[in-house]
Structures are given as structure tokens and as C-alpha cells.
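Below is one structure; the comments refer to it alone.
The values are calculated or read from the model by the stated rules, or taken from the named source; none is laboratory data. The shown structure was predicted, so the numbers you read here are calculated from the model rather than taken from an experiment. Here the Cβ positions follow ideal geometry from the backbone for every residue, glycine too, while neighbour counts run over all protein chains shown.
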Amino acid sequence: MPFISPRSWPLAIKLSLTITAAVTMVGFMIGAVMVIQNWYRFHEVLGENAILLAESIAITSPKAMIRKDFWSLYLSLKNMSSRTSELKSQQQIISAMVLDAEGKVQAHLQPASNPMGLVFAPENEAEEDLFKQAMNARVPLVLSSGGYSSSGFLEGVVPLFSDQKYLGVVRVRLSVAQLYEKARYSAFIVLTLTFFFVIAGSVLGTLVARRMVQPLTAVTQGLEAVGRGEMTEFDPIPVKRRDEIGRLSATFNQIMAELAEKKMLEDEVAMSEKLVALGRITAGVAHEVNNPLAGLLNCIDTLRKHPDDKELIGRYLPVIDQGLHRIKEIVHNLLVGLKIEEGDDHVGIDHIDKLHDLMIAEIGDRDIEIIWENSADKNLQIPGKLEQIICNLLKNALDILTENGTVIFRMYQRQSYLIIEVSDNGPGIPSSIRNQLFDPFFTTKPNGTGLGLWIVYRLVHNMEGVIEVTSGINAGTTFHVAVPVISKQAA
Amino acid sequence: MRAFYLLLLFWMIPVYGVDNRPPIRFGLTAVVVTENLRFLDQWSEYLSEKMGRKVEFELRKSYQEVMDLLDAGNLDFAWICGYPFVQSREPETIELLSVPEYRGAPLYHSYIIVPQDSTVKNLGELEGKVFAFSDPDSNSGFLYPLALMAAQDKKPASYFRHTFFTFNHAETVQAVSERFADGGAVDSYIWEYLAIFKPEITEKTRIINTSPSFGFPPIVSRLGVNPSTVHLMKTTLENMDEDSSGKALLAQLKLDSFGHYTDSLYNDIRAMANKIQRVDAEFNQIPSE
């Protein structure tokens with residue numbers, strides 16, 4: 001699976017990931033704080049317990065020390081130790097001792113290695129330091145082994161006084177091993193809870209994110225449908241809430257409904273326009289065909305009455321011929337205009353230049369000049385229909401001109417478009433009829449069929465091109481045609 | 001026949017009737033392992049039944065306390081050590097009642113013990129060390145080691161680095177076994193008793209000196225106690241080995257029986273005490289509660 005940039009991930013995934021990350025971070029931060037707090041609390045309690053145990057020994061110690069009742073002292077240490085080890089959840093006593101003012105052992109839990117009556121002998125420098133601190137203590141205090149090792153300890157130190165005379169000190173040392181175990185256990189509990197909390201939070205976050213994003217996804221899909229023009233097939237987004245997303249969904253549904261209605265109206269308008277155009281064509285065909293038909297029928301009727309009148313035959317036959325040709329021309333042009341989609345052949349661009357000669361022949365002895373500028377690529381292949389377009393436009397221009405006429409033909413490429421411009425210096429097109437220029441059977445010429453520009457329009461439109469007209473009264477007319485030939489050739 | 005039942009009734013009244021007389025008070029000291037309270041209940045029940053009167057044991061920490069109670073008339077009988085028995089009192093307040101027989105004789109010893117892994121072989125090597133005594137009025141736990149030292153012209157106060165009293169032979173064994181003390185003096189009867197019931201303690205000790213035999217700690221009666229009660233107590237004790245429940249109690253005490261002996265059994269102790277009294281009165285650091 002290729003890597004997809006997070007920027008393009010679905011919002012539902014990003015949102016749920018963000019919520020999950022946030023929940024995880026918060027969860028583990030709270031967990032860590034709890035674990036640390038627990039550790040300090042346990043530490044504090046252990047220190048207090050060490051002091052309490054030392055205090056319990058200190059209560060009877062001065063009396064026993066004065067009476068040199070070392071056995072009682074030792075027994076009280078022993079009893080404390082065995083009592084504490086019986087209570088399983090309690091701390092473990094590593095060592096306990098009673099020292100006199102000179103540091104001599106009065107009683108020690110490990111009497112074998114700490115003989116009674118001798119000055120307490122610390123094992124190492126750290127112990128020596130603790131021993132000094134304990135001997136200097138005049139108020140109860142907690143000493144620590146320092147560091148965070150499970151072999152560490154906390155020591156409760158309680159100085160002994162009798163009648164304000166310093167007698168010595170009680171030292172009770174508790175292992176932090178159980179503290180570690182407790183802290184580890186509580187950390188395990190907290191982290192397990194946090195883990196489940198994170199999972200629950202993530203699931204909830206994902207659900208919430210999906211719920212929140214669902215309407216947005218629907219809106220996006222709706223907008224995409226609008227882009228494809230399929231707004232009528234859009235199912236309204238269910239609106240379950242009244243928050244921003246609910247309002248957005250409702251508004252979107254409303255917009256979509258209005259757009260669908262508009263599209264329907266547009267379709268109806270387009271349909272009625274089609275019908276209008278069809279009516280216009282039908283009427284035009286009827287009118288254009290009917291005009292010569294009346295004359296033709298008249299001629300035929302006269303000829304039938306005077307079958308032997310050679311002069312009449314000689315006069316009427318050309319009229320009938322002309323009328324029939326006109327009908328043929330109309331029908332042909334109509335067919336050309338209606339069947340344009342069938343031809344899709346391409347020709348070389350030199351075909352266009354041949355039109356130049358054809359037009360010069362068309363001009364004959366009229367005082368009209370043609371300026372021919374073809375700067376398009378000589379190897380370009382163009383749709384065959386372009387020939388018809390240019391021919392029609394040139395013929396139109398020549399038809400409108402009388403004396404001192406100039407027709408300018410320009411053809412060039414701009415980006416992927418081939419641009420054709422046909423200008424004349426004729427009288428121009430009145431703005432009142434400019435809207436009807438491309439309508440079928442609309443003509444200003446006495447013998448025109450009104451189909452030439454209609455065919456041009458149809459062909460340009462069929463090629464996905466654009467046609468524009470610029471014209472002014474006595475300022476001539478220019479037709480601009482742009483068709484995407486290059487891309488077509490490439491394809 | 002009627003007269004017989006009446007006689008029987010009168011005979012039974014002192015035994016089973018409501019007895020308003022004060023109980024017989026029997027003092028016990030560290031000469032027995034006194035922690036076994038259930039045993040003491042059984043023994044007092046046994047004695048009460050035999051004596052036809054309630055017998056209560058009184059436990060005290062030191063011999064001194066028990067002797068004081070005897071002197072004050074607050075105890076009727078007591079199981080004490082030979083040393084307080086031979087100490088002279090003016091006027092005399094106690095007399096010998098009965099002596100336990102242990103392993104065939106009314107005798108026992110004093111053991112000088114050291115920790116099992118100690119290199120010490122005799123009392124002389126304990127100089128400068130910590131020594132545990134049992135009770136300042138104990139023969140085996142104080143008088144004998146004192147006499148041993150006196151024989152070498154030594155005084156405990158300067159001889160040992162530290163000494164202390166445990167007031168309990170069993171605790172003296174414990175102090176030595178746990179190396180709180182480098183040596184100690186105990187009653188052989190107690191040490192052997194512990195060797196049976198708590199071998200894990202005695203295994204950690206080693207006997208480096210066994211004293212000559214001494215008269216076993218005796219049971220005494222207070223002068224002034226009704227002679228018939230004294231007599232009844234004496235026969236009750238000395239007949240304990242003749243009934244099964246008495247035998248069971250003796251077995252628990254690890255004693256053979258109680259027997260009648262004369263004062264002369266304690267002459268050795270008396271001689272030793274007389275010698276020591278001249279030695280030193282300065283060493284008398286007796287902690288008292």
C-alpha cells in the first residue's frame with residue numbers, strides 16, 4: 001500500500017487519531033502524576049513508620065539504659081521486629097539498634113556482628129556518615145540511603161533523653177523493597193486503568209469523530225454530485241441535531257432542493273426551447289419549400305393547359321428547374337446541418353489554402369480584395385468540418401460586399417486552439433438582429449436560405465469550439481472562431 | 001445405713017461443697033518454663049482436686065519477688081531455687097517441703113554455655129565479653145559462675161565487659177543462642193527441657209562447663225501454713241507418680257517424681273553461698289522492675 005500523505009487522509013480518521021492521541025497523552029500524564037505522587041506518599045508514610053517504630057523503642061529505652069537492662073532493650077527490639085514481620089503488608093525492618101551517647105551499642109537486632117558495649121562500627125563511608133548524622137540528631141528525623149534502589153532504606157532516628165540529659169539514640173531501619181513493590185503494583189494498576197481509559201476514550205473519540213464527520217462527508221458527496229450535475233439524485237442528509245453541523249446539513253439540504261428545482265426548471269426551459277427551435281425549423285422548412293412550390297405548381301398547371309406552347313415550355317422549364325434546385329439546396333443544407341456529427345475525418349491544413357483560389361473565382365470581376373494570412377503549422381491536421389466553416393464564413397463576407405470590398409482571412413494557433421478570423425469592411429450587422437444570426441432560416445439576403453451561419457454555429461459547437469461576432473454599423477464585421485484542434489490531433 | 005449416707009455426705013462436703021476458704025497460693029519462678037499456661041491450669045486443677053481446695057499459681061519475674069511474697073505471707077507454697085532456700089532469714093519463714101526427682105535423682109547442674117560457633121572453651125576465655133546471668137538469686141544461673149570466678153580470684157564487674165540478668169533461664173539460653181551474650185549460666189534442667197521442646201534454640205549453644213551436682217530447686221512451704229494443708233500438699237506432690245493424670249503432668253515437666261529429702265541436700269549450695277558472701281557486695285547491679 002503506497003504511503004498517502006496525512007493531508008489527504010479522511011477527516012474522520014484524522015479527527016479520531018487526534019482525539020486518541022489527546023486522550024492517550026492526557027491519560028498517561030495523569031497516570032504518571034498519580035504514580036509519582038503515590039511513590040512520594042509511600043515514601044513519606046514509610047519514613048513516618050520508621051520514626052514511629054523508633055519512638056516505640058525510645059519510650060522504654062532510657063529507663064532500661066539507666067538500669068543497664070540490656071536484655072529488655074534487646075527483647076523490645078526483637079519483639080518490634082517479629083511483630084512487624086508478622087504483619088505481612090507492613091514494612092520490613094532491616095536493622096534496629098540502641099546506642100548510648102558515646103555511640104556504644106546497647107542493643108542491636110544483629111548482636112553477633114554488633115557486640116554490645118562496643119562503639120558501633122559502620123561498615124563503610126556512607127554508613128559512617130549516617131552514624132554521625134544519627135549521633136548528632138537531637139530531634140527525631142528520617143535518614144535515607146539516597147538513590148532509588150530496591151536495596152535502599154529509610155531510617156527513623158529518635159534521640160533519647162532522660163531529664164534533658166542526652167542518653168543516646170534509637171535507629172530503626174526499614175527496607176524500601178516493599179515500597180518499591182507497592183509503588184510498582186500501584187503503577188501497574190494506574191497504567192492498566194489508564195490503558196483501558198485510553199482505549200475507551202479512543203473508541204468513543206472515533207465514534208464521536210465519525211458522527212461529526214458523517215454529515216460533512218454527505219455534504220461533500222452532495223457537492224461532488226452537484227459538480228457532476230446530478231443534483232436531482234441526491235438523498236437529503238438526515239438532520240438529527242440542532243448544532244452547527246445540524247444547521248449546515250439542513251441548509252445544505254435546502255440548497256440542494258433549490259438547485260434540483262432550478263435544474264428541473266432549466267431542463268424544462270431547454271426542452272421548450274428545443275421545441276421552439278424545432279417549430280422554427282419546421283416553419284422555415286415549410287415556408288422555404290412552400291415558396292418555390294407555389295410557383296412550380298403554377299408553372300406546371302400553365303404547362304398542362306398549354307402543352308404545345310413551346311415558348312411557354314422554354315420559359316417555364318428553367319423556372320421549374322431553378323425552383324427544384326432551390327428546394328434541393330435547402331434540403332441538402334438542412335441535412336448538412338443536422339448530420340454534422342457523422343463526419344470526423346481530418347485533413348491537411350493545405351486544404352484551407354485551396355479555398356483561397358475558390359474564393360478568388362467566386363469574386364470574379366467584382367472589386368473585392370482578399371487578404372490571406374495563414375500562420376498555422378503546415379503539418380497540422382485539422383477536422384474536415386473546418387473547411388466548411390471557413391467556406392461558409394468567407395462566402396457570407398463576399399455576399400455582403402459590393403464595391404471596394406476587402407475580406408481578411410487570418411488563421412493562427414494560440415496554445416491548444418486554432419484561431420480563425422474572417423473580417424469584412426461591409427455595412428456591419430445591426431444589433432437588433434445579432435441575436436438571430438445563427439438561427440436557421442434567418443437571412444437578410446434576398447436569395448439566402450438562412451442556413452449557412454446556422455451550419456457554422458452547429459459545426460463549431462460540435463467541435464467544442466467558440467464562435468463570436470464583433471460588428472459595428474459601417475465598421476465591418478469579424479467572425480472569431482476558436483477550435484481545440486491541437487489536442488484533437490494529439491489524441 | 002442411714003448413718004452411713006449421712007457420714008458420706010459430711011465427708012463429701014469439704015470436697016464438693018461450696019468452698020469459701022481462700023485459695024492455696026503457690027508461687028512459681030524461672031525454675032520451670034512458665035510460658036505453658038495451659039499446663040499450669042491442668043496442674044492447678046489436679047492439685048485443687050487432690051487438696052479439696054482451689055490452688056492458684058502465682059508467677060513472678062524474679063526469685064526475690066517470690067521470696068518477698070513468701071515472707072509477707074502472701075504465698076503458701078513456692079517452687080524456688082536452692083540459693084534463696086539456703087539464704088539465712090531472721091526469723092526463718094520457710095521450710096523444705098518436697099524435692100523434684102530428675103533423671104533418677106534430686107539433683108541438677110549449672111551449665112556454662114556459649115554460642116555454638118564460638119571458639120571459647122572455658123570461662124577464662126570469656127574475659128572482656130558479654131555474659132548473661134539468669135537471676136541474682138539463682139544458684140545455677142548466678143551463684144555457681146560467681147563461685148567459679150571467685151576460685152580464680154576474679155570479679156564479674158571487671159572481668160566481663162557487660163553482664164545482665166534475663167530473670168529466666170530460657171531467655172539466658174536465647175540470649176546466648178542469638179549471640180547477644182557471648183556466654184551465660186543456666187539451669188541444666190531448663191536447658192535439657194528446651195533441648196527437647198525447642199531444639200532450634202539449644203542447638204545454637206554449646207556447654208563448656210558443667211557444675212558438680214546440686215540439690216534440685218525445692219518446693220517450700222511457708223511456716224505458718226496449716227500443718228494439715230502442708231502435709232496434704234506434700235503427699236499430693238509425692239504421690240503424683242502414682243496416678244495416671246499425675247504421671248502425665250510429671251511427664252510434661254520432664255520430672256520423675258517429687259520426693260522427701262532433708263535440708264542437707266543443699267549443703268553444697270549453702271557452702272558456696274557462704275563463701276561468695278565474703279567475696280563481693282559491690283557487684284550487685286540488680287535491675288528491678
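Kindly evaluate A:SER145 against the criterion of being without any contact (Cβ under 8 Å) to a residue 40 or more places away in the chain and of a type outside the set (D, E, K, R).
yes
If B:ARG89 meets every condition in (1) at pLDDT below 90; (2) surrounded by 15 or more Cβ atoms within 10 Å (Cβ to Cβ) apart from one, which number is that one?
Condition (2) is where B:ARG89 drops out.
Can you name every residue in the stretch A:109-124 that is more than 18 Å from B:PHE160 (Cβ to Cβ) and either touching a Gly at 6+ places or on another chain (Cβ under 9 Å) or touching a residue at least 12 places away in the same chain (Cβ under 8 Å) (or both)?
Once the filter is applied, which keeps residues that are more than 18 Å from B:PHE160 (Cβ to Cβ) and either touching a Gly at 6+ places or on another chain (Cβ under 9 Å) or touching a residue at least 12 places away in the same chain (Cβ under 8 Å) (or both), the stretch A:109-124 yields A:LEU109, A:GLN110, A:PHE120.
Does A:ARG242 satisfy the condition of being part of a helix (DSSP H, G or I) and among the charged types (D, E, K, R)?
Taking the combined requirement at face value, the residue does not satisfy it.
Looking at the stretch B:153-175, which of the residues that are of a type in the set (A, V, I, L, M, F, W, C) and within 10 Å of another protein chain (Cβ to nearest Cβ) is surrounded by the fewest Cβ atoms within 10 Å (Cβ to Cβ)?
Result: B:PHE160.
Across the stretch A:258-284, which residue is surrounded by the fewest Cβ atoms within 10 Å (Cβ to Cβ) among those that are touching a Pro at 6+ places or on another chain (Cβ under 9 Å) and among the aliphatic types (A, V, I, L, M)?
Among those residues, the one meeting the criterion is A:ALA277.
Can you tell me which condition A:SER175 does not meet? The list is (1) among the hydroxyl-bearing types (Ser, Thr, Tyr); (2) in the same structural domain as A:MET80 (by TED's automatic domain parsing); (3) surrounded by fewer than 14 Cβ atoms within 10 Å (Cβ to Cβ), and all the others hold.
(3)
Looking at the stretch B:178-210, which of its residues are within 13 Å of another protein chain (Cβ to nearest Cβ) and either farther than 21 Å from A:PHE70 by Cβ or of a type in the set (Lys, Arg) (or both)?
B:ARG179, B:LYS204
Scan B:SER221, B:SER228 and give me the residue that is more than 14 Å from chain A (Cβ to nearest Cβ) and in a strand (DSSP E or B).
Within the list B:SER221, B:SER228, the selection yields B:SER221.
If you scan the stretch B:207-228, which residues turn out to be surrounded by fewer than 17 Cβ atoms within 10 Å (Cβ to Cβ), touching a residue at least 24 places away in the same chain (Cβ under 8 Å) and more than 21 Å from B:GLY104 (Cβ to Cβ)?
B:LEU223, B:GLY224
When only residues in the stretch B:176-206 that are surrounded by 24 or more Cβ atoms within 10 Å (Cβ to Cβ) and among the charged types (D, E, K, R) count, which is nearest to B:LEU28 (Cα to Cα)?
If we take residues in the stretch B:176-206 being surrounded by 24 or more Cβ atoms within 10 Å (Cβ to Cβ) and among the charged types (D, E, K, R), then B:ASP187 is nearest to B:LEU28 (Cα to Cα).
Could you list, in sequence order, the residues of the stretch A:401-413 that are under 57 Å from the mean Cα position of the chain (by Cα) and either outside any strand (DSSP E or B) or not polar (S, T, N, Q) (or both)?
Result: A:VAL407, A:ILE408, A:PHE409, A:ARG410, A:MET411, A:TYR412.
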